Amino acid sequence: MASRRAYADEYAVRVNRAAKLLAEELAPADAVRVLQSEHRLSERQARRYVSAAIERPEGVAVPERTTVFTVRLAPSLIAGLRRHARSRGLTLSAVVAEAVRLYLDHVDERYGGTAG
């Protein structure tokens with residue numbers, strides 16, 4: 001039975017755990033076994049996390065999990081967002097999230113409220 005891919009935050013937590021184990025001078029094979037046990041992973045999955053930790057011994061940032069949020073926008077605005085996203089090599093979600101974050105920061109500064 002195929003299992004689902006890890007969410008980005010799960011991936012980051014597992015890579016960071018592997019990095020911590022390696023920093024504690026555990027052998028990579030031992031780190032694999034610990035990850036398998038702690039996160040119920042296959043050996044192959046655990047090895048991939050340990051490999052990622054070897055490449056990034058400082059760890060990785062743990063992103064906030066995302067959810068679907070549907071809005072209605074004018075087709076011309078959507079087309080502009082898509083063009084902008086393509087030109088920057090980003091996803092549409094990343095561009096919209098950045099724009100909303102910048103807007104909320106601006107509103108917060110202007111009106112002295114909290115954006116969260």
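Here, each number is a calculation from the coordinates, and none is a lab measurement. Keep in mind that what you see is a predicted model, and the values were worked out from it rather than measured. Quick reminder, even Gly has a Cβ in these numbers, built from the backbone with ideal geometry, and neighbours come from all protein chains shown.
Using packing as a proxy for protection, rank 89-95, 29-35 so that the peptide with the highest average count of other Cβ atoms within 10 Å comes first.
Highest to lowest by the protection proxy: 29-35, 89-95.
Provide the three semi-axes, in whole Å and in decreasing order, of the ellipsoid equivalent to segment 8-55 as defined by the square roots of 5 times the Cα gyration tensor eigenvalues.
Equivalent ellipsoid of segment 8-55: 14, 12, 9 Å, largest first.
Any idea what angle helix 28-39 forms with the longest principal axis of the chain, computed on alpha-carbon atoms, 0 to 90 degrees, nearest 10?
60
Rounded to whole Hz and in sequence order, give me ³J(HN,Hα) for segment 101-107 from the Karplus expression 6.51 cos²θ - 1.76 cosθ + 1.60, θ = phi - 60°, writing x for Gly and Pro.
Couplings: 4, 5, 4, 5, 4, 5, 4 Hz.
For the chain, with only Lys/Arg (+1) and Asp/Glu (-1) charged at the beta-carbon, what is the dipole magnitude about the Cα centre, in debye rounded to 20?
The calculation lands at about 680 debye.
Under the rule of -39500 (n - 2.57) per DSSP H run of 4 or more residues, summed and divided by the residues of the chain, what mean residue ellipticity at 222 nm is obtained, to the nearest 500 deg cm²/dmol?
Roughly -21000 deg cm²/dmol at 222 nm, from the helical runs in the chain.
Share of Cα-Cα pairs in the chain beyond 19 Å, in percent?
More than 19 Å apart: 62 percent of the Cα pairs in the chain.
Hey, in the GNM for the chain with a 10 angstrom Cα cutoff, which one of ALA12, ALA23, ALA97 fluctuates hardest?
ALA97
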